[in-house]
Amino acid sequence: MLIKVKAFPSAKEEKIIKKKEDEFEVMTFEAPVNGGATRRIIEMLQEYFNVPSGKVKIVRGFKERNKIFDIKL
C-alpha cells in the first residue's frame, strides 16, 4: 500500500498523525542531515503499522518534506 507522508524533522515531539486513509504527518526529533530524519520516519512507520524491518520502503521524496512510502502489510 502506498502512503503519502509530510515530514516534520527536528520537531519537539515524535508522533504520527493520520490525516486521511493514505496521508500522514510524521514528526521526528531527528534533523534532516544525511537521511537521519527519513530513517527515523521509516522506523516509526514500522512501529505504527506493526510490520517487520524491511517492509517499509521510500518510493519518492528522499530529500523532500513530502514523501511516498510503500508499506508491505
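Bear in mind these aren't lab numbers, they're just calculated from the coordinates by the rules spelled out. Since this is a predicted model, take the numbers as computed values, not measurements. All Cβ positions, even for glycine, are placed from backbone atoms using ideal geometry, and neighbour counts span all protein chains on display.
Here are the numbers:
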quantity	calculated
Lone unmet requirement of (1) surrounded by 11 or more Cβ atoms within 10 Å (Cβ to Cβ); (2) over 12 Å from the mean Cα position of the chain (by Cα); (3) farther than 14 Å from Phe69 by Cβ; (4) not polar (S, T, N, Q) for Lys12	(1)
Segment 47-73, residues that are in a loop (DSSP other than H, G, I, E, B) and either closer than 12 Å to Met1 by Cβ or within 12 Å of the chain's Cα centre (by Cα) (or both)	Val51, Lys55, Gly61, Phe62, Glu64, Arg65, Lys72, Leu73
Where a residue in segment 54-69 is touching a residue at least 60 places away in the same chain (Cβ under 8 Å) and of a type outside the set (Val, Ile, Thr) and its partner, wherever it lies, is surrounded by 11 or more Cβ atoms within 10 Å (Cβ to Cβ) and assigned to a loop (DSSP other than H, G, I, E, B), with Cβ under 6 Å and at least six apart	Lys67/Gly61
